[in-house]
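Any read-out appearing in this document is the output of simple, stated calculations on the displayed coordinates, not a laboratory observation. Since the model is a prediction, treat every value here as computed from it, not as a measurement. Because the Cβ atoms are built from the backbone with ideal geometry, glycine has one as well, and the counts that use them run over all protein chains shown.
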Amino acid sequence: MALLAGALVAAAALAVFFLRSDNGGSGEVFLQSASAEGSDPFTASTAKDTGGQATAAPTAPAATGASGTRTVQGSAPGLYGGTQNVSSCDVDRQTGYLTEDQTKARAFASAAGIEPGDVPEYLRGLTPLQLRADTRVTNHGYRSGSATAYQAVLQAGTAVLVDDRGMPRVRCACGNPLGPPVATKGTPEPKGKAWRAYRPGEAIAVVPAGAAMDVMVVYDPRTGQWFERPVGTRGDSDSPTSRPSTGTSPGPAPSSTAPSSPAPSQSSPSPSVSHSSPPPSPSPKAPGPAYGPAARPGARP
């Protein structure tokens with residue numbers, strides 16, 4: 001009996017170790033292009049305005065974070081792009097997909113850290129925008145009734161729903177809930193097909209703004225103009241604004257050793273990169289935490 005008890009304890013300890021190891025980052029980072037649905041999506045695509053924008057990489061940082069990924073605060077002007085008066089995501093359709101399937105709603109709510117009954121309100125409080133830089137996230141696929149967490153890089157131009165701290169929370173091409181990235185073991189190993197302009201050293205991670213925002217300052221790459229989008233609106237309340245005086249320095253030209261791609265336009269500004277400690281956790285006003293209890297590992301994009 002003593003030997004059996006010892007074996008059970010050892011097995012339990014190993015299970016906890018492996019779960020913690022995977023949740024801490026297996027070393028694999030999956031590359032997801034702007035329009036790709038990927039495997040294990042929560043819903044069909046609700047993206048309406050993706051890609052086709054002149055993105056530019058952020059300015060090179062003087063230092064990196066613990067995970068080797070540069071960070072940009074969610075309030076940085078131009079962190080997100082979009083087309084003025086156009087929503088990048090059909091929020092009503094996204095809400096319908098999740099509320100008509102209660103099993104998916106529960107899995108989504110678990111990953112988003114909210115109650116299942118709060119899913120519609122949560123989604124309607126988010127803002128549809130586009131990423132302007134390749135961005136590291138924790139993505140969550142849907143498999144066998146549960147949310148499954150994995151590390152991913154989302155391509156610039158990806159349509160996302162963003163909370164009032166500037167954090168990407170939902171990927172519109174698949175309906176997956178998103179959270180901040182988890183440090184991987186060693187050098188991240190990219191999986192999947194890289195897009196032409198992908199450079200691992202230029203991917204960013206978004207950290208929450210220090211306070212909830214009322215509006216987001218967005219760059220429209222099609223016109224080269226700036227506009228403000230009130231948080232939780234879908235483009236119908238956009239208003240033009242002047243180019244911000246900070247956070248808009250052009251990105252560097254592509255490296256000669258990387259795959260060839262057009263050099264970014266000097267008129268297409270990029271968000272500034274922050275190296276300060278992450279700001280305090282969101283207040284209750286924010287839509288909710290990035291994700292709740294650790295999701296079951298093993299998903300694939």
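Table for the structure above
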quantity: Rough spin-label spacing in nm, given labels placed 7 Å along Cα→Cβ, for ASP92 and ARG196; calculated: 3.7
quantity: For the range 76-204: rounded, prolate or oblate by the Cα gyration tensor [a/c cutoff 1.5]; calculated: oblate
